[in-house]
1. Is it the case that residue 111 is modelled with pLDDT of 95 or more and in a loop (DSSP other than H, G, I, E, B)?
2. Examine the stretch 113-125 for a residue that is touching a residue at least 60 places away in the same chain (Cβ under 8 Å), under 25 Å from residue 140 (Cβ atoms) and within 15 Å of the chain's Cα centre (by Cα), and state whether such a residue exists.
3. For the stretch 42-52, state whether one or more residues are under 30 Å from residue 128 (Cα atoms) and out of contact with any helix residue (DSSP H, G or I) (no Cβ under 6 Å at 6 or more places or on another chain).
4. Can you find a residue that is touching a residue at least 40 places away in the same chain (Cβ under 8 Å), outside any loop (DSSP other than H, G, I, E, B) and touching a strand residue (DSSP E or B) at 6+ places or on another chain (Cβ under 6 Å) anywhere in the stretch 14-33?
5. Run residue 39 past the list (1) under 15 Å from the mean Cα position of the chain (by Cα); (2) farther than 18 Å from residue 117 by Cβ; (3) part of a loop (DSSP other than H, G, I, E, B) and report the number of the one that doesn't hold.
6. Of 87, 74, which residue is free of Cβ contacts under 8 Å to residues at least 60 places away in the same chain, closer than 26 Å to residue 139 by Cα, surrounded by fewer than 19 Cβ atoms within 10 Å (Cβ to Cβ) and in contact with a helix residue (DSSP H, G or I) (Cβ under 7 Å, 6 or more places away or on another chain)?
7. So which residues in the stretch 55-69 are assigned to a loop (DSSP other than H, G, I, E, B) and more than 13 Å from the chain's Cα centre (by Cα)?
8. Please find, within the stretch 114-144, the residue that is nearest to residue 26 (Cα to Cα) out of those that are assigned to a helix (DSSP H, G or I) and touching a helix residue (DSSP H, G or I) at 6+ places or on another chain (Cβ under 7 Å).
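The values are calculated or read from the model by the stated rules, or taken from the named source; none is laboratory data. Note that the structure is a prediction, hence the values are computed from the model and not measured. No Cβ is skipped: glycine too gets one built from the backbone with ideal geometry, and neighbour counts run over all protein chains shown.
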């Protein structure tokens, strides 16, 4: 069995607060010895703007790899639906979740291993909306 690689999906170079939280997660995972990278899904040189390891273009994922997809990346969900890898929803804003999914039921039908979110509020709201997938709360680091 090969070592898992973790790929956080991006469709633009980092430019929002959520992007920079994902960048912080990638950096923290690498400091802890994981193989984490930004997966930049455009065919330009934008991946050069990442302050963490980044790869670009099409990538051949294997069953041990983990792709972490932001709730707003609707176009990526269908691209990787049948790819044999672990899929995780990175849901930083529950109000954006339904830009990609029409309902909690549709989200439940997607082959996510689990959902990662930043707050207990988001977890609670997703449960209220009918999401039954396992949800893990991972709070971002806030420096003093």
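1. Working: modelled with pLDDT of 95 or more: yes; in a loop (DSSP other than H, G, I, E, B): yes.
The answer is yes for residue 111.
2. In the first step, residues of the stretch 113-125 are kept if they are touching a residue at least 60 places away in the same chain (Cβ under 8 Å); the result is 118.
Right, trim to under 25 Å from residue 140 (Cβ atoms) and you get 118.
Filter again for within 15 Å of the chain's Cα centre (by Cα), leaving 118.
Yes, the stretch 113-125 contains at least one residue that is touching a residue at least 60 places away in the same chain (Cβ under 8 Å), under 25 Å from residue 140 (Cβ atoms) and within 15 Å of the chain's Cα centre (by Cα).
3. No, the stretch 42-52 has no match at all.
4. Initial filter on the stretch 14-33 (touching a residue at least 40 places away in the same chain (Cβ under 8 Å)): 18, 21-22, 24-25, 28.
In the following step, the residues that additionally are outside any loop (DSSP other than H, G, I, E, B) were identified as 18, 21-22, 24-25, 28.
With the extra rule that they be touching a strand residue (DSSP E or B) at 6+ places or on another chain (Cβ under 6 Å), the set shrinks to 22.
Yes, the stretch 14-33 has at least one match.
5. (3)
6. Values: 87 fails: surrounded by fewer than 19 Cβ atoms within 10 Å (Cβ to Cβ).
Only one candidate passes the filter, namely 74.
7. Pass one, the stretch 55-69, residues assigned to a loop (DSSP other than H, G, I, E, B): 57-65.
Selection gives 57, 58, 59, 60, 61, 62, 63, 64.
8. As a first pass, look at the stretch 114-144 and keep what is assigned to a helix (DSSP H, G or I): 120-128.
Pick out the ones that are also touching a helix residue (DSSP H, G or I) at 6+ places or on another chain (Cβ under 7 Å) and you get 122, 125-126.
Values: 122: 21, 125: 26, 126: 24 Å.
Among those that are assigned to a helix (DSSP H, G or I) and touching a helix residue (DSSP H, G or I) at 6+ places or on another chain (Cβ under 7 Å), it is 122.
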